[in-house]
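Structure, as structure tokens:
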2 protein chains.
Amino acid sequence: MTEPVTIIGSPVSPYVRKVLAACAVKRIAVEIDPMPPFLARDGFTDLSPLRRIPVWIEGDVTLCDSSVIVQYIEETRPGPSLWPADPVERAKARFIEEFADTRLFDVLGWKLYFQLALKPIFFGGESDAAVVERARETELPAIFDYLEGVTPESGFLFGELSLADLSLAPAFLNGRAVQVNVDPERWPRLAAWLERVETETPLGELNKLARKLMRTPPHAQRARLEEFGLTPATAHDWAGDVPRPGPMTPQ
Amino acid sequence: MTEPVTIIGSPVSPYVRKVLAACAVKRIAVEIDPMPPFLARDGFTDLSPLRRIPVWIEGDVTLCDSSVIVQYIEETRPGPSLWPADPVERAKARFIEEFADTRLFDVLGWKLYFQLALKPIFFGGESDAAVVERARETELPAIFDYLEGVTPESGFLFGELSLADLSLAPAFLNGRAVQVNVDPERWPRLAAWLERVETETPLGELNKLARKLMRTPPHAQRARLEEFGLTPATAHDWAGDVPRPGPMTPQ
């Protein structure tokens, strides 16, 4: 394990923060190319067939998809286990990860953060008010109701910190960036759990970095990494100038 | 492991066939509730928060999401390993599973099979010709080009049969049901690999069952299972009469 590891992708992405948080827990030193997801140059498709971030590069090994990457980290790195020890709990934790990566991000990411923050900036379009209202008023409350039911009164989702927490928590920051919050009166356990993950784990510092990156133009982002003690990637710089959506990006 | 295992979900779903193929490889006896995905009664949300299939029930253990379930099978059952032994190959195989579950099914399932076969039947709507044309003429060829590049001349994707094959192959049947085929002149390795998976693995029989179920009304589907030597679930029958989409279903 002497090859340096490069992570390609902006920590604004909750999927990138998931992987960086896992690296922090496992004490894996990484270099970061903080490429915003829609600015990847053409050749990026050779690294990431779906043009998604993050990408993990370690010598001649290139891996895509945050869930694949964290599982690879778990299987190849020493340090605290990222999943619960019991197989049933582990399966339930992986379902939380799947729920976060698809349903939560579908609503909090694509329907709210994308529509309200990214679409106007990167694609010059207006946000779709009907999509936003339905997401905010109907879909998100149903999601928070479900999550309230699986969140414990104290501690983390499966007792010790696991990838269930580090997968589920990151997208809430993107919600806050567009004024979507977890109301602690309506969802008290969810709100309290989120605060624990954001103050007691490596996600806290990563979120602070992501907030700064949200307000930083692409060419100045590498300097921001260094302010947080992170290392910009020297061998990779995939950011181009022309916004280009990936195959899974809403049009 | 003396509790009987029930799988809820129609084998028309490629995700259900993935799990049933894994059960066949591991020689796990299962009972099946062949519920079509859009007919789940209300209480189904308590079992499957996203109203997706398949669901795995084994005593008091309920697990959702096909990827979660196959990983649970791998971790708890003896028999041939469902993933390659090398961690890098295992990660690459999991990326193929992710690609199949999201991108391939997004196009072959939601944009083609759903629009052309399910939408008119279950929801009474007309198919969206623009979505269908773009999927067939642009998106699917790009997907097949990528897959042609990762498919070997012979054998399976990672040498021995693995979940990469059993995840990727099932959705092609749904394509054929709406006259979408892999042209063997344009994608010869992909077409030949698909034929191997469909003739040399348990997916073959499951595909034959699925083709029959596609032409069988819901109330007669349990009898079809028995024709294929499979056991209908006695403790579960989730099929209702009113089509109701899940949160991830296109409207």
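Summary of computed values
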read-out: Any hit, segment A:232-251, residues being without any contact (Cβ under 8 Å) to a residue 12 or more places away in the chain, closer than 30 Å to B:Ser48 by Cα and surrounded by fewer than 18 Cβ atoms within 10 Å (Cβ to Cβ); value: yes
read-out: B:Pro184 being touching a residue at least 24 places away in the same chain (Cβ under 8 Å) and part of a loop (DSSP other than H, G, I, E, B); value: no
read-out: Qualifying residue in segment B:111-125 (condition: within 11 Å of chain A (Cβ to nearest Cβ) and assigned to a helix (DSSP H, G or I)); value: no
read-out: Selection status of B:Trp238, closer than 25 Å to B:Glu137 by Cβ and among the aromatic types (Phe, Trp, Tyr); value: no
read-out: Residue in segment B:149-156 that is at pLDDT 95 or above, in contact with an Asp or Glu (Cβ under 7 Å, 6 or more places away or on another chain) and surrounded by 12 or more Cβ atoms within 10 Å (Cβ to Cβ) present; value: yes
read-out: Residue within segment A:191-205 that is modelled with pLDDT of 95 or more, of a type in the set (A, V, I, L, M, F, W, C), assigned to a helix (DSSP H, G or I) and touching a Ser or Thr at 6+ places or on another chain (Cβ under 6 Å) present; value: yes
read-out: In segment B:75-109, the residues that are acidic (Asp, Glu), surrounded by fewer than 22 Cβ atoms within 10 Å (Cβ to Cβ) and at the interface with chain A (Cβ under 10 Å from one of its Cβ atoms); value: B:Glu75, B:Glu98, B:Asp106
read-out: Search result, residues across segment B:212-235 that are within 20 Å of the chain's Cα centre (by Cα) and not in a helix (DSSP H, G or I); value: B:Arg215, B:Thr216, B:Pro217, B:Phe228, B:Gly229, B:Leu230, B:Thr231, B:Pro232, B:Ala233
read-out: Check on B:Thr151, free of Cβ contacts under 8 Å to residues at least 12 places away in the same chain and more than 21 Å from B:Val12 (Cβ to Cβ); value: no
read-out: Any hit, segment A:209-217, residues being in contact with a Phe, Trp or Tyr (Cβ under 9 Å, 6 or more places away or on another chain), surrounded by 17 or more Cβ atoms within 10 Å (Cβ to Cβ) and touching a residue at least 40 places away in the same chain (Cβ under 8 Å); value: yes
read-out: So A:Arg136, is it within 12 Å of chain B (Cβ to nearest Cβ) and part of a helix (DSSP H, G or I); value: no
read-out: Condition met for A:Trp56 (within 29 Å of A:Leu161 (Cβ to Cβ), within 14 Å of chain B (Cβ to nearest Cβ) and buried (at least 22 other Cβ atoms within 10 Å of the Cβ)); value: yes
read-out: Hey, B:Gly9 at positive phi and either in contact with a Leu (Cβ under 6 Å, 6 or more places away or on another chain) or surrounded by 20 or more Cβ atoms within 10 Å (Cβ to Cβ) (or both) or not; value: yes
read-out: Pair list, Cβ < 9 Å and 6+ apart or interchain, from segment B:21-40 residues that are under 18 Å from B:Thr201 (Cα atoms) to residues that are surrounded by fewer than 18 Cβ atoms within 10 Å (Cβ to Cβ) and among the small types (Gly, Ala, Ser); value: B:Cys23/B:Ala29; B:Val25/B:Gly79; B:Lys26/B:Gly79; B:Arg27/B:Gly79; B:Ile28/B:Gly79
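The values are calculated or read from the model by the stated rules, or taken from the named source; none is laboratory data. Quick caveat: nothing in here was measured; it's all calculated off a predicted structure. Cβ coordinates were reconstructed from backbone atoms using ideal geometry, including for glycine residues, and neighbour counts include every protein chain displayed.
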